[in-house]
Amino acid sequence: MHVLISGAAGMIGRKFTAAIASTGTLGGETVTELTLADTMEPEQPDGFSGEVTSLALDISDPQAAARLLSGRPDVIIHLAAIVSGEAEQDFDKGYRINLDGTRYLFEAVRHQSASANYCPRLVFASSVAVFGAPVPDEIDDEFLTAPLTSYGTQKAICELLLQDYTRRGFFDGLAIRLPTICIRPGRPNAAASGFFSSILREPLVGKPAILPVPDTVRHWHASPRAAVGFLVRAATMDTGPVGPRRVLNMPGVSATVAEQIEALRTVAGDAAVALIRREPSPEIMRIVSTWPRGFAADRAIALGFRAESSFEEIIRIHIEDEMGGEL
């Protein structure tokens, strides 16, 4: 099996690559070749015995997708995107990368399928940002998409393209709407949702963190470990039971900021909580207030997708995966 990962230098891309490298398989099938692409050349994964091609390219370059498809990968994991806050601040860049880059990739697959017997599995990382206020406390699988950010709009358009290209038989596509991934390791990024991770990640290592929204804000979360599991499942499952509606809301944990903080207190104590400093940001609150608060992800759960059951579990997974299991 040949696997292509766009956005492979990002956090989820690196973790997904490492998961393949650790066993040399994806869904029980041997992976013989990896193509890793990002704006900077992705690092070679440790322990992988197959062939690895690492490419530094701009997904919004119309010629880039043809390079990615030259080896006719069996599985395509499309993660390349700019994040919500950056897409809102830079309108042109958001549409160029998140929409045009995705469309170029889809078109490259279509042209390959037209000239040969080729129909890869294509997994597109979408987002719960495709939904916009007013929203119920729990969104079901029938709720309409009505994004109120440029990022959410870009993702929603790509979902429609994926469904149409799949319907036409150009590829076997699945779009998975990821919850906000928490706790993200490493340094903060430009995502409007970044504080959900930083108010936990920094206090866990004795550093201060800024909370820009009220404690009452509720949102939908899953760990990086769960995100990798979503991708593995989407890349390898039988898509027959999915039917023609190829977009799935992923499971997760609904929690208020206050509940996040109390989970931090349970795991790390009052000293960690005391490092959180409240500095309201109207701009971040404007974006976050349009996002969903919770989901009934019945279709995805019935199809075998799994996430955490509590926020305390999410914190303990971060400690185990990123901190060697100890505070």
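For the chain, which span is the longest to avoid every loop-located (per DSSP) member of GluC sites (Glu not before Pro) having at most 11 other Cβ atoms inside 10 Å? Longest stretch, sites excluded: 143-325. Taken along the Cα-to-beta-carbon direction at a fixed 7 Å, the label points for residue 66 and residue 266 span 5.5 nm. Here's how it looks for residue 127: its modeled amide H is under 5 Å from those of 178, which are all 5 or more places away or on a different chain. Each residue of the range 78-90 was assigned a 3J(HN,Hα) from its phi angle through the Karplus expression (A = 6.51, B = -1.76, C = 1.60, θ = phi - 60°), giving 9, 10, 4, 5, 9, 7, 4, x, 5, 5, 6, 7, 10 Hz with x at Gly and Pro.
Taking every alpha-carbon pair under 8 Å whose residues sit at least 6 apart, the range 188-327 reaches a relative contact order of 38 percent.
Normalised by 2.2 N^0.38 Å, where N is the number of residues, the C-alpha radius of gyration of the range 34-140 stands at 1.24.
The Cα atoms of the range 221-287 define a convex hull whose projected area, averaged across directions, is 7.1 nm².
Relative contact order of the chain: 18 percent, from C-alpha pairs under 8 Å at least 6 residues apart in sequence.
Angle of helix 150-167 to the longest C-alpha principal axis of the chain, folded into 0 to 90 degrees and rounded to 10: 30°. For the pair residue 25 and residue 278 in one chain, pulling the backbone fully straight at 0.36 nm per residue adds 86.6 nm over the alpha carbon distance. When each of 15, 155 is scored by the number of other beta-carbon atoms lying within 10 Å, the sequence from fewest to most is 15, 155.
Working from label points 7 Å from Cα in the Cα-to-Cβ sense, the residue 138 to residue 56 distance is 4.9 nm.
Amide H to amide H, with H built 1.01 Å from N, residue 52 comes under 5 Å of 34, counting only residues 5 or more places away or on other chains. Could you grab the Rg to Rh ratio for the chain? Cα atoms only, Kirkwood for Rh. So for the chain, dividing Rg by the Kirkwood Rh gives 0.96. For the range 211-300, applying the loop criterion from DSSP together with a ceiling of 13 other beta carbons within 10 Å to the trypsin sites (Lys or Arg not before Pro) yields 245.
How much length is gained on full extension from residue 210 to residue 320, taking 0.36 nm per residue of separation minus their Cα-Cα distance?
Working: separation 110, 0.36 × 110 = 39.60 nm, distance 2.39 nm.
Here the answer is 37.2 nm.
Nearest 20 debye, what's the magnitude of the dipole of the chain about its Cα centre given +1 on Lys and Arg Cβ and -1 on Asp and Glu Cβ?
400
Computed from label points 7 Å out along Cα-Cβ, the spacing between residue 313 and residue 11 is 2.0 nm. Rounded to the nearest 20, the size of the Cβ-charge dipole of the range 1-121 about its Cα centre is 340 debye, with Lys and Arg at +1 and Asp and Glu at -1.
Bear in mind that the values in this text are calculations on the coordinates, not laboratory data. Quantities reported herein were computed from a predicted structural model and do not represent experimental measurements. Every residue, glycine as well, gets a Cβ built from its backbone with ideal geometry; the counts of neighbours run over all protein chains shown.
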